[in-house]
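Step one of this worksheet: look at the structure below.
No value in this document is a laboratory result; all are computed from the given coordinates. This structure is a prediction, so every number in the text was calculated from the model and none was measured. Cβ coordinates were reconstructed from backbone atoms using ideal geometry, including for glycine residues, and neighbour counts include every protein chain displayed.
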Amino acid sequence: MTSTLVLPWVALVLVVFVAGSIWRAWRYARAPMHLRWDLYPVAHEPAPRRDHGGSYLEEREWWTRPRERSLLGEAVFMAEEILFLKGVRANNRRLWWGSFPFHWGLYLLVLTTVGIFLGVAGWRLPLDSGLLSLGALTGGGLVLAGSVILLVLRSTDPKLRPYTAPVDRLNLLFLALFGALCVGVAVRYGLGHVVTVLSGVLRGHEVRVGRLLAAQMAVGGLFLMYMPFTRMVHFFAKYFTYHDVRWDDTPMEPGSPLADRLAAALNYGVDWSAGHVRTGKTWAEVATTLPDEEKGGKA
Amino acid sequence: MENAPRPASREELNRFLTEHEGVDPRRLVPLPFPYEDWEDAPIPELSEDKRSRIEVGPDGVAAAQIKVPADDEERDRRVAAFLEGLAKLFTKENNWTFLQPLMLSMENCVKCQTCAEACPIYTGSGRMEAYRPTFRAEVLRKIVNRYLKPGGRILPGLRGNDVELSWDVLVSLAELSYRCTLCRRCAQTCPVGVDNALITREIRKLFSQELGIAMPELHETGTIKQLTVGSSTGLNPAGLADIMEFAEEDIQEKTGLDITMPFDVEGAEYLVMHNAGEFLSWPENLQAFAIILELAGVSWTLSSELVGYDSVNYGLFYDDVQYSRIALKHYEVARKLGVRKMMVGECGHAHKALMPIADRLIPEQLRVRTESCLVVLEDIVVNEKILLDPSRNDFPVTLHDPCNITRSMGIVEPQRKILRKIAPRFREMEPHGVHNYCCGGGSGFAICQSMNFPDWRTRVSGRLKFRQILEAFSDCIEPETPKYVCAPCSNCKGQMRDLLNYYEAWDRCGILYGGLVELIVNAMVDVREGFVEWEMH
Ligand code: SF4
Ligand code: SF4
């Protein structure tokens, strides 16, 4: 691979990955206000209420009390989930043996990539190339090991196998290959070389890119471009499932932005077809009319 | 215990959708002493005649009572209508109410099956595949990916979009949406935050709002009846007056107290919202509320207005339109009366319908603040606004946590503080609080008394709850010691009644059920002793 392809490729990967992720997150973020669907325990409830899964609704005249939210509670919950995969560990230990190394491998590779970019930008300490190589080696190794374990579990475990499509196995194979290539690059060239190659490319120099590194960049890039369009975005979708749904306990207050969003939603037109709905009206109209007036209540 | 057969492959998984396999009673979760030798009869099959009219689910059970289509043309029409409805489910105009949570749950499940072991129906049944929390969600996901997404039909096998839509598949999907109590225990364990209960509810909603298919007890004799007659029990204002008169006489006779049921008192502090099922099946609950509130000096009223005297809102379980109509009506009644607040009685789904869910629906001009009765009662009991003698409740008591009040609202401690104060032999079930097991009657199941669904409900969806009850009382299981399962929810009580009757728990173990207020009144010094009547009803 000639180095002239490196820059456009990295740029393309970054653009597709970032745009895809933003598009995906945007779809969730711009969805209309929904009815509440809290699920307890809610991590931002202050202790000791949080410990028994309680909410502010346990308080007499709850609307007169100041609302306390423990950001620390949320932070601790998220940290335990991200660092230890606590939920999977508690409820699905078998899978955790694959999932835990796999996720940690990815974290290390992300950190290593950040390190590479910082190195290219001229930062030195603490981005010693040995440290970066170690990151790529362990990260890649863990991704490889984790993907293989997950692949084996998904192919043999009777509760996972029927819910695993060929494409899921291909994804894992792809990730295993990527992990192996990361290990290969770290062993073959060392990450200092990667920083040098990228720096050279950025400065417009013609640099030789080894086959292994080219393969690693190709596979990694393809994966990154594909990821935002799959369920692998759960790393940020999880932000929405927690903050916007199960922990979303904000009560409606008069004149609040929520009240405005409700007013907008009540003006949406409804065209469900069952007889009792009285289609073709707005939500406000439908909700204030009885079902039996035109169709005898028969659905 | 041997588990139900598992599919060996993805291809085989779809077999569980269309090929019928009934619940095998030998695989149900075993029960402890004195039920080691208990044998469950198989769930009866529907008669030939019924089968010719009503579709059944892949387990041979009928809840939604879907009419068998007259011909292929009707079948095709309904399949096409389903697809139209499915598309509407993903538009903000038709589904602003749950679009965001639905998208998140549909698009991010990693199929790790972490949720499966949390489900009382899946585990209680001996792990029947069709009851796995992800099973029905996966079917819907495959249909969406294949039929709604651009390019969905390209390489469907490779991508796992391998469910081919047909009338039989739709029947299974609709029926299976009534094999989940929407208890959300599975959602608590999902590492991604996916909620299979929400997906199940959306399936019910799509069938109801687009095709008019829903469990009749929820729709025709549920929300439709409530909106037209005034209550899903069929109780009209004249019947209500009779019941209240009887309640006043009964209170006089049982307790020696003269209490008048207050109706339509304008400007009262509280409008008390009861599930009208209490009036007919458990009038002692209504009476106990009246006694406590009167003796504690609370200003309260009931409403005699249509819909206003029944806190039930079954729309919560299957239909956003019906839900909205009833919720608005409830708030309209309270607003018109000019009460300061509403208090929700012992009904779990009414709590959720009137409080967190209504919170994002009721416009400002109709808003009335609403509290749980458990919080008000805690204040009365713990702060000794009534005189109590806990020794009157000197029998084993355990607490059932209604999912809607605990897991979906976080009201966990008030009821416990009360029990710790009035029931010296109170003990918890395991697990409890926000991690409780559903009674098995949630999401409308408790009111479904037709076809072979009640047989399924007592054997399968209530199985783990019954096991928990036995375990909680294992130190005093002999029938000579009367024991009390406190279930502060009308629907849970309906399920308790059926469960305890089916397992003959009163005769075999002396286990009875009832509400929380009955226990409070039973301990009140100003009331004649013996408010709790130890007979199965
Ligand atoms: S719903 Fe959650 S726990 Fe269940 S399979 Fe999907 S991601 Fe896993
Ligand atoms: S909501 Fe409850 S009954 Fe339904 S799948 Fe989840 S755990 Fe099972």
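Within chain B, DSSP assigns beta bridges of which about 10% are antiparallel (rounded to the nearest 5). Remark on A:Lys281: its backbone amide H falls under 5 Å from those of A:Val270, a criterion applied only to residues 5 or more positions apart or on other chains, H modelled at 1.01 Å from N. Between segment A:224-282 and segment B:115-181, the C-alpha centres lie 23 angstrom from each other.
In segment B:112-250, a dipole from Cβ-located charges (positive for Lys and Arg, negative for Asp and Glu) runs towards its positive end, and of B:Gly193, B:Met128, B:Ser208 it is B:Gly193 whose Cα lies farthest in that direction.
Compute the distance from the alpha-carbon center of segment B:197-227 to that of segment B:268-321, in whole Å. Rounded to whole Å, the Cα centres lie 23 Å apart. Scanning residues 5 or more positions from B:Ile213 or on other chains, those with amide H under 5 Å from its amide H are B:Ser208, with H placed 1.01 Å from N in the peptide plane.
Quick one: angle between helix B:320-337 and the longest Cα principal axis of chain B, in degrees between 0 and 90, rounded to 10, please. So the inclination is approximately 20 degrees.
Report, as a whole number in µm² per second, the diffusion coefficient that Stokes-Einstein gives for segment B:7-164 at 10 °C and 1.306 mPa s using the Kirkwood radius over alpha carbon pairs. Using the Kirkwood radius from Cα pairs, D works out to 86 µm²/s. Debye sum, Cα scatterers, segment A:1-146, no solvent: what log₁₀ I/I(0) at q = 0.08, 0.10, 0.20 1/Å? Values, matching the q order: -0.42, -0.62, -1.28. Rounded to the nearest 20 debye, the dipole size of chain A about its Cα centre is 1100 debye, using +1 on the Cβ of Lys and Arg and -1 on the Cβ of Asp and Glu. Computed from Cα positions, the angle between helix B:196-211 and the longest principal axis of chain B comes to roughly 80 degrees.
In a reduced charge model with +1 at each Lys and Arg Cβ and -1 at each Asp and Glu Cβ, segment B:224-522 shows a dipole moment near 1060 debye about its Cα centre.
In this entry, segment B:269-343 is assigned a mean projected area of 5.2 nm², taken as a quarter of its C-alpha convex hull surface. Dimensions of segment B:70-151 based on its C-alpha atoms, expressed as ranges along the principal axes with the largest first, amount to 38, 35, 27 Å. Computed over the Cα atoms of segment B:345-449, pair by distinct pair, the Kirkwood hydrodynamic radius stands at 15.4 angstrom. The distance linking segment B:471-529 with segment A:53-67 is 30 Å (Cα centroid to Cα centroid, whole angstrom). Between rounded, prolate and oblate, where does segment B:145-201 land on the alpha carbon gyration tensor, with a ≥ b ≥ c its root eigenvalues, rounded for a/c under 1.5, else prolate if a/b exceeds b/c? It comes out oblate by the Cα gyration axes. Per-residue ellipticity at 222 nm, computed for chain B from helices alone with -39500 (n - 2.57) per DSSP H run of at least four residues, works out to -11500 deg cm²/dmol.
Electrostatic bookkeeping for B:Glu346 treats Lys and Arg as +1 and Asp and Glu as -1; over the other residues with beta carbon under 10 Å from its beta carbon, the sum is -1. Per-residue mean of foreign Cβ neighbours for B:179-190 is 2 (Cβ atoms of other chains, 10 Å radius).
With all pairs of separate Cα atoms included, segment B:224-522 yields a Kirkwood hydrodynamic radius of 19.4 Å. For segment A:200-299, the relative contact order is 13 percent, taking Cα pairs closer than 8 Å that sit 6 or more residues apart in sequence and dividing their mean separation by the residue count. Suppose a student asked you for the relative contact order of segment B:10-213, using Cα pairs under 8 Å spaced at least 6 residues apart; what percent would you report? Relative contact order, segment B:10-213: 27 percent.
Shown here: chain B, whose C-alpha atoms stretch 74, 57, 46 Å along the first, second and third principal axes, sorted largest to smallest. Against chain B, whose longest principal axis is taken from its Cα atoms, helix B:133-143 shows a tilt of about 40°. Restriction of the trypsin sites (Lys or Arg not before Pro) in segment B:153-190 to DSSP coil positions whose beta-carbon has at most 13 other beta-carbons within 10 angstrom yields B:Arg153. Count Lys and Arg as plus one, Asp and Glu as minus one, and take only other residues whose Cβ is under 13 Å from that of B:Ile54; the net charge is then -1. Return the percentage of antiparallel bridges among DSSP beta bridges fully within the protein assembly as shown, rounded to the nearest 5 %. Just about 20 percent of them are antiparallel. Helices assigned as whole DSSP H runs in chain A whose Cα atoms extend at least 24 Å along their own long axis and whose mean Kyte-Doolittle hydropathy is 1.0 or higher are found at A:6-29, A:129-156, A:166-188.
Every Cα-Cα pair of segment A:144-258 was included, and the share exceeding 21 Å stands at 59 percent. Enclosing the Cα atoms of the protein assembly as shown in their convex hull gives a volume equal to 170 cubic angstrom per residue. Sequence-distant contacts, meaning Cα pairs under 8 Å at least 6 residues apart, place the relative contact order of chain B at 15 percent. Rounded to the nearest 20 debye, the dipole size of segment A:1-52 about its Cα centre is 160 debye, using +1 on the Cβ of Lys and Arg and -1 on the Cβ of Asp and Glu.
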